[in-house]
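Step one of this worksheet: look at the structure below.
The values are calculated or read from the model by the stated rules, or taken from the named source; none is laboratory data. Computed from a predicted structure; not experimentally measured. We place every Cβ from the backbone using ideal geometry, glycine too, and count neighbours over all the protein chains shown. The area values use the complete protein model at the heavy-atom level, side chains included, leaving out ligands, DNA and RNA. Shrake-Rupley method; radii C 1.70, N 1.55, O 1.52, S 1.80 Å.
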Amino acid sequence: MAKRLFRQSSGISLRGRRKAYEVVSKGALVRDAGAAGVSQHHPHVEAALKESGVQEGLGLVNAMHTTASVFINDDERGLHADYDAWLERLAPQEPVSRYHHNRTGEDNADAHMKRQIMGREVMVAITAGQLDFGPWEQIFYGEFDGRRRKRVLIKVIGE
Amino acid sequence: MAKRLFRQSSGISLRGRRKAYEVVSKGALVRDAGAAGVSQHHPHVEAALKESGVQEGLGLVNAMHTTASVFINDDERGLHADYDAWLERLAPQEPVSRYHHNRTGEDNADAHMKRQIMGREVMVAITAGQLDFGPWEQIFYGEFDGRRRKRVLIKVIGE
Amino acid sequence: MAKRLFRQSSGISLRGRRKAYEVVSKGALVRDAGAAGVSQHHPHVEAALKESGVQEGLGLVNAMHTTASVFINDDERGLHADYDAWLERLAPQEPVSRYHHNRTGEDNADAHMKRQIMGREVMVAITAGQLDFGPWEQIFYGEFDGRRRKRVLIKVIGE
């Protein structure tokens, strides 16, 4: 499902001297088109973090599309099914004609709602080179449309 | 609707030497009181970013009021009308007496709910001096109360 | 309810020279198990910020547990009661059997939903050593499960 990072990390050197701080674009991970639903994104963030070499800092992980979310919650399959059903209750896809947005030829207005509930992005703390997470925290990608290839950005700032 | 930045940017010089990193307060953009609803905020962020001179970094854009949101989604008028109707279903203003908060003399408890769904803030990645965005990502300001003058903060960190 | 910071702040010195920038882990504040509901977290963030010495920067404050939120809104007791009632309407705990997640022996699937609406984290701007906040903005901790000891992380980056 998830491809290699397609953009180079940009460990920009600054005025010829060693920098105290790094801003590392880990670029964006491509996700192929596929079924809507929740999927693991945690290992990709851990890999990008390791590659960045940042030991202390903050990281941004965001969906680059407006019908998708990056969020943090439990790695429990039943919970992810519950999210799907719950979001469908709060923002039903049908009737498609209920939404003005769908008059543009789309049928995914509901996906733009679902993404707002689950959020676009997470900010993560990096401590001693690791994600500074609680015991159950895992990063997920929520896809509410399912069509088109999607990208997830990772940007790290720190030392 | 949107006024000039009313606070100076604070490109604080640090111990007399050129800094590797900048923290730039672009201050807060004033928005006049007006109807509730979604409005463009994207150009203001782009202008503040350009003015900051930051090439690589992270930016925070947040509503400074508790009945308003800054969020990222499509620039599509039908979708914005759908958000209004959907938020009214999830957090109806009426009956006003339903909410304890309204006993304080307010009638905007629902606006405090709507803002939680749409979020207070966005974090944006800055790469090569630009917002590092997907093709449809645009920054919007959601006003759920409509009274009083409002401010939106922009703070950029990077190099 | 809230205990002292249990981890040391890590004002990591960098290559033996004075740093332009600081990344300060204020560690995580422990919150004892207790009733679900909204409680003040603002003073803890202000104290951590003061202790960090950072004058200009950004701060991350996040729940380290997946049934809790950190959010920013008004310090008004009636509003907090409204949030409780509203979240229960959008994501009712009962019937417990409605949620797949609860087949794992839990009964808190609803808490994982409520937390997504209220959010996991806030990013705050720090200007002149203070939280750069609007007049009504206050930081709260929302507990939707109530069992187990919980932690809230604060991480500051800036100068």
HN-Hα couplings for the range B:97-105 via Karplus (6.51, -1.76, 1.60; θ = phi - 60°), in whole Hz with x for Gly/Pro, come out as 6, 5, 9, 4, 4, 6, 6, 7, x
Here the range A:60-77 yields Karplus 3J(HN,Hα) values (6.51, -1.76, 1.60; θ = phi - 60°; whole Hz; Gly and Pro given as x) of 10, 10, 9, 5, 9, 10, 8, 10, 9, 10, 10, 8, 10, 7, 6, 8, 9, 4
Once you average over the residues of B:85-98, how many Cβ atoms of partner chains fall within 10 Å of each Cβ? 2
Counting only other chains, and only Cβ atoms inside 10 Å, what mean value do you get across the residues of A:139-151? 0
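Please compute, for peptide C:51-57, the average count of beta-carbon atoms on other protein chains lying within 10 Å of each residue's beta-carbon.
Across the residues of C:51-57, the mean count of other-chain Cβ atoms within 10 Å is 3.
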Output wanted: per-residue J couplings in Hz (rounded whole) for the range A:138-148, from phi through Karplus 6.51 cos²θ - 1.76 cosθ + 1.60, θ = phi - 60°, x for Gly and Pro. 9, 8, 10, 10, x, 10, 10, 10, x, 8, 6
Beyond a 23 Å Cα-Cα separation, which of these cross-linked pairs lie in this structure: B:Lys50/B:Lys155; B:Lys155/C:Lys155; C:Lys114/C:Lys150; A:Lys114/C:Lys114; B:Lys155/C:Lys50; A:Lys150/C:Lys155? A:Lys150/C:Lys155
Residues in the range B:79-107 reached by a label modelled at B:Arg148 [backbone nitrogen below 13 Å; 7 Å Cα→Cβ]: B:105-107
Mind checking the per residue accessible area of the range A:25-159 for me, 1.4 Å probe, whole number of Å²? 33
Place +1 on the Cβ of every Lys and Arg and -1 on the Cβ of every Asp and Glu in the range B:61-132, take the dipole about the Cα centre, and give the residue among B:Gln130, B:Gly105, B:Gly78 whose Cα lies farthest towards its positive end. B:Gly105
What is the distance, in nm, between label points placed 7 Å from the Cα along the Cα-to-Cβ direction at B:Arg77 and at A:Ser97? 2.3
